[in-house]
Amino acid sequence: MKKSSLRIMISSLIVIIAASSLYFTLSGGISALQEEKTFVTHGGGIVKTTGEILDPLYTSATMEFDPMKYLRDFNYGRVSQLSDGTTLREFTIIAEDNKIMEVSPGVFYNVWTFNGTVPGPTIRATEGDIVRIKFINNGSKEHTMHFHGIHEAQFDGVFESVGAGGGQFTYEWKAEPVGVHPYHCHTMPLEEHIVHGLYGVYIVDPKEGRPQADEMVMVLNGLDTDFDTENNFYAANTIPFYYQHHPIQINTDELIRVYVVNMVEFDPINNFHLHGNLYHYYPTGTDTVPSFYTDMITLSQTERGIMEFKYDYPGKYLFHAHKVEFSEKGWVGIFLVKDNNNQNSPKEVQYGT
Ligand SMILES: [Cu+2]
């Protein structure tokens, strides 16, 4: 290389470096991805990170989660009959707290799980059944299972902590009342145990059943991936934007029933807006008569209910938080409505038992 070319090259480099320094000086700082911040975690640890990256406190197997499978997946337990004819439903739930999940491309998060997923399995029984849950804590911290609903104090999952590394406890009660209820770990600090993912849905069906419908569960949740007690992402069923990129297929003139539960921590409210339609809403699902006919409900922490609706017209319809910050950070999805009356329109919807 000629000396003159080398001089030009070095001069150019100096200009680029100087210009870059000037840019960072004048632009009022550097981007969030480059800037390290110190956070105090929920558990009191000090973490220095650039933000939305792998939780450095944990390294373990990554977790797979399929929101489309979760949507219509109901766990009725192992069924048997007691001597008096009562139906017994037995479940085994295992808690773990060492998994890492890629919640969004390149964004990793330490999840605490019931049976390996966030949310945990949707537990379903009929009013009057006996529900028996064998809980095993394979985590590194104490955990419990606290169910909303009616049961004896000893099975409330608050005062009887279940030890780490294989501790066990059996919860048992008569399924009541009819409705949709959350369950979650109730170990302190509570927000830490909930926000990491130890929650799920418990449905109690009325003895007489409900009208046939395409049923689904939506847990509205938030992800605080940088431990600053503010959510970085929001979702219906954990993965931000999932149902926008993978629309939920339903049919016209078919009853849709959504069991919706708000598990977002830190933010005082959440909401659910449906496009091109209104729904009948049954708060907590405890009544057979809907309380509202609306396209918008507002939910505080663990508030939940049942939404029922039918679409008259085929097409794509959004559903999302009308709190725009939440929808722009992932809590948005699409119903893809197929024409049930058009014989040429393929019936692609397959739904569960
Ligand atoms: Cu816990």
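Laid out as a table, the results:
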| quantity | calculated |
| --- | --- |
| ³J(HN,Hα), Karplus 6.51/-1.76/1.60, whole Hz, each residue of segment 76-90, x for Gly, Pro | 8, x, 8, 9, 8, 10, 7, 4, 8, x, 5, 7, 9, 10, 10 |
| Cα-derived Rg to Rh of segment 162-263, Kirkwood definition | 1.03 |
| Over segment 68-187, relative contact order from alpha-carbon pairs under 8 Å, at least 6 apart, % | 24 |
| Point-charge dipole on Cβ atoms (K/R +1, D/E -1) for segment 121-258, about Cα centre, debye to 20 | 380 |
| Selected from Gln301, Asn277, Asn221, residue furthest toward positive end of dipole (segment 220-353; charges at beta carbon) | Asn277 |
| Long-range HN-HN contacts of Glu254 with modeled amide H, under 5 Å | Tyr311 |
| Within segment 196-353: Cβ-based charge dipole about Cα centre, in debye rounded to nearest 20 (Lys, Arg +1; Asp, Glu -1) | 400 |
| Derived scalar couplings ³J(HN,Hα) [segment 199-206; Karplus, 6.51 cos²θ - 1.76 cosθ + 1.60; whole Hz; x for Gly, Pro] | 7, x, 10, 10, 10, 10, 7, x |
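Every read-out reported here was derived from the displayed coordinates using simple, explicitly stated rules and does not represent laboratory data. As the structure is a computational prediction, the values presented were derived from the model and not from experiment. Using ideal geometry, Cβ is built from the backbone for each residue, glycine included, and neighbour counts are taken over all protein chains shown.
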